[in-house]
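> Sharing a structure, written as structure tokens. Questions coming.
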Amino acid sequence: MQLRVFLRNCLTVLLGAAAAILVSGQPSQFNKVQPKVVRDLLERHRKVEFVPGEIIVKKKVVAGITSEVPIQPLVQLGVESTGNKTSGGEEIYHLTTQL
């Protein structure tokens, strides 16, 4: 019985030592990237893409209700909905008349 407990304790110590060596043996690959490179990648700005005649409308939510834009006044102003939305939920409209 004591031999069994001794062997189990030895096995536990060996497994713990092996795990410690594996974890601390090699530095993580994330530490190899310089902080300036990471900052430059995260702060990279995309070019603003201007589309003539395009209007992006962000709807305001008040008390959990999103207001709808009436279609008739938009048609009178020469604006039509494309039915597309951006990733932020904004609706995209196009001017149908030339200014």
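> Being assigned to a loop (DSSP other than H, G, I, E, B), under 30 Å from the mean Cα position of the chain (by Cα) and not small (G, A, S) is the filter; apply it to the range 75-94 and report the residue that is surrounded by the fewest Cβ atoms within 10 Å (Cβ to Cβ).
Here is the first cut: in the range 75-94, the residues assigned to a loop (DSSP other than H, G, I, E, B) are 77-78, 86-90.
Still in the list and also under 30 Å from the mean Cα position of the chain (by Cα): 86-90.
Then drop every residue that is not not small (G, A, S), which leaves 86, 90.
Working: T86: 11, E90: 14.
Checked the range 75-94; the qualifying residue surrounded by the fewest Cβ atoms within 10 Å (Cβ to Cβ) is T86.
> Kindly check whether there is at least one residue in the range 16-29 that is small (G, A, S), over 30 Å from T96 (Cα atoms), loosely packed, with under 10 Cβ neighbours inside 10 Å and modelled with pLDDT of 80 or more. Steps first, please.
Going residue by residue through the range 16-29, those that are small (G, A, S) are 16-20, 24-25, 28.
In the following step, the residues that additionally are over 30 Å from T96 (Cα atoms) were identified as 16-20, 24-25, 28.
Add one more test, that the residue is loosely packed, with under 10 Cβ neighbours inside 10 Å, and what stays is 24-25, 28.
From what is left, the residues that are modelled with pLDDT of 80 or more are none.
Looking through the range 16-29, none of the residues is small (G, A, S), over 30 Å from T96 (Cα atoms), loosely packed, with under 10 Cβ neighbours inside 10 Å and modelled with pLDDT of 80 or more.
> Say we look at the range 57-74 and pick out the residues that are surrounded by 10 or more Cβ atoms within 10 Å (Cβ to Cβ) and over 19 Å from G88 (Cβ atoms); which of these is modelled with the lowest pLDDT? Step through it out loud before you land on a result.
First, pick out the residues of the range 57-74 that are surrounded by 10 or more Cβ atoms within 10 Å (Cβ to Cβ): 57-59, 61, 69, 71, 74.
With the extra rule that they be over 19 Å from G88 (Cβ atoms), the set shrinks to 71, 74.
Working: I71: 75, L74: 80.
Going through the qualifying residues, I end up with I71.
> Scan the range 79-95 residue by residue and report those that are over 12 Å from I55 (Cα atoms) and not hydroxyl-bearing (S, T, Y). Let's see the steps before the verdict.
Filtering the range 79-95 for residues over 12 Å from I55 (Cα atoms) gives 83, 87-89.
Matches in the range 79-95: G83, G88, G89.
> If you scan the range 38-56, which residues turn out to be of a type in the set (V, I, T) and either loosely packed, with under 10 Cβ neighbours inside 10 Å or more than 20 Å from the chain's Cα centre (by Cα) (or both)?
Within the range 38-56, the subset of a type in the set (V, I, T) is 38, 48, 51, 55-56.
Listed by number, the residues that qualify are V48, V51, I55, I56.
The values are calculated or read from the model by the stated rules, or taken from the named source; none is laboratory data. Being a predicted model, the structure only gives us computed values, none of them experimental. Please note: Cβ atoms are built from the backbone with ideal geometry, for glycine as well, and neighbour counts cover all protein chains shown.
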